[in-house]
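See below for the structure under consideration.
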Amino acid sequence: MKIKYIAIALFSGAIATMNAQDTTVPKSNGGIKGGYNLAAVSFDGDGETEQRHGFHIGVYGESFISESFSIQPELMYSQQGYKITNSSGTFTQKLDYINLPLMLKAYPSKNFFLEAGPQIGLAVSHKEEYEGLFNGSQQYDPNNFDWGINFGGGFKTDSGISLGVRYHLGLGDLYDEGKAQNRVLQFSLGFDL
């Protein structure tokens with residue numbers, strides 16, 4: 001019971017401290033961003049495939065709801081997929097998505113941010129590549145819709161240049177059979193316009 005009262009007191013103190021600070025809310029902004037992807041797939045929770053290297057590029061809009069919090073919707077093109085290598089050769093599944101993340105960003109300090117939020121995606125193309133002795137006759141038909149959660153952080157300069165790292169934890173199934181889910185690590189460079 002004491003822990004409950006201590007938690008309430010700490011929460012009330014934090015709210016009072018935030019209200020006592022300068023209430024200057026930064027202005028909303030938008031921009032472009034792009035970067036490098038390391039994409040893989042988790043099959044049945046037994047581990048991840050090898051990574052497919054790719055890129056992402058798109059636009060964002062950031063709206064501040066207070067001095068320390070903002071909401072950032074994005075529209076991104078993202079190269080994803082995975083690779084499997086064995087004694088027969090290499091199989092690569094190339095999946096390209098249009099993703100719509102909606103990120104809640106927290107700024108513990110003026111230039112450092114943490115972010116988390118949901119994402120939905122629509123596969124706009126897929127292609128299988130076979131190298132070596134792999135049987136190249138099999139065609140896979142991935143689901144077009146994907147969804148999941150993003151987590152990340154980064155730095156944003158006063159001039160609007162940002163460097164960020166984000167991890168996408170896919171929760172939608174890639175195929176109708178089995179449990180294959182996207183996993184993507186992204187490194188981004190953004191510019192406010």
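With respect to Lys127, determine if the residue is farther than 17 Å from Gly190 by Cβ and of a type in the set (Lys, Arg).
yes
Could you go through the stretch 89-100 and let me know if any residue there is at negative phi and small (Gly, Ala, Ser).
The answer is no, given that none of the residues of the stretch 89-100 is at negative phi and small (Gly, Ala, Ser).
For Leu163, indicate whether it is surrounded by 13 or more Cβ atoms within 10 Å (Cβ to Cβ) and touching a residue at least 12 places away in the same chain (Cβ under 8 Å).
The answer is yes for Leu163.
Only one of Glu115, Glu131, Glu177 is without any contact (Cβ under 8 Å) to a residue 40 or more places away in the chain and charged (D, E, K, R); which?
Residue meeting the stated conditions: Glu177.
Looking at Asn144, Asn182, which is the one that is surrounded by fewer than 19 Cβ atoms within 10 Å (Cβ to Cβ), in contact with a strand residue (DSSP E or B) (Cβ under 6 Å, 6 or more places away or on another chain) and more than 18 Å from Ser68 (Cβ to Cβ)?
Asn144
With the requirement that a residue be farther than 20 Å from Ile32 by Cβ and either at pLDDT 95 or above or not in a loop (DSSP other than H, G, I, E, B) (or both), what does the stretch 173-193 give you?
Ala180, Gln181, Asn182, Arg183, Leu185
Please work out which one of (1) touching a His at 6+ places or on another chain (Cβ under 8 Å); (2) crowded, with 18+ Cβ neighbours inside 10 Å; (3) among the aromatic types (Phe, Trp, Tyr) is the condition Tyr77 fails and give its number.
(2)
Residues of the stretch 112-150 being at pLDDT below 95, within 22 Å of the chain's Cα centre (by Cα) and farther than 23 Å from Ile57 by Cβ, which ones?
Answer for the stretch 112-150, where residues must be at pLDDT below 95, within 22 Å of the chain's Cα centre (by Cα) and farther than 23 Å from Ile57 by Cβ: just Asn143.
Listed here are the residues, each with its yes/no results for (1) at pLDDT 95 or above; (2) surrounded by 18 or more Cβ atoms within 10 Å (Cβ to Cβ).
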residue	(1), (2)
Ser28	no, no
Ala39	yes, yes
Thr49	no, yes
His56	yes, yes
Tyr60	yes, yes
Ser66	no, no
Phe69	yes, no
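Among the numbered criteria (1) touching a Pro at 6+ places or on another chain (Cβ under 7 Å); (2) under 13 Å from Gln72 (Cα atoms), which one does His126 miss?
It fails just one condition, (2).
What is the number of the single condition among (1) within 21 Å of the chain's Cα centre (by Cα); (2) within 19 Å of Gly61 (Cα to Cα) that Leu171 does not meet?
In the conditions (1) within 21 Å of the chain's Cα centre (by Cα); (2) within 19 Å of Gly61 (Cα to Cα), Leu171 misses (2) alone.
Within the stretch 67-77, does at least one residue satisfy the condition of being over 18 Å from Asn29 (Cβ atoms), part of a strand (DSSP E or B) and out of contact with any helix residue (DSSP H, G or I) (no Cβ under 7 Å at 6 or more places or on another chain)?
Yes, the stretch 67-77 has at least one match.
The values are calculated or read from the model by the stated rules, or taken from the named source; none is laboratory data. None of these values were measured; they are calculated from a predicted model. So basically every Cβ, Gly included, is an ideal-geometry build from the backbone, and we count neighbours across all protein chains shown.
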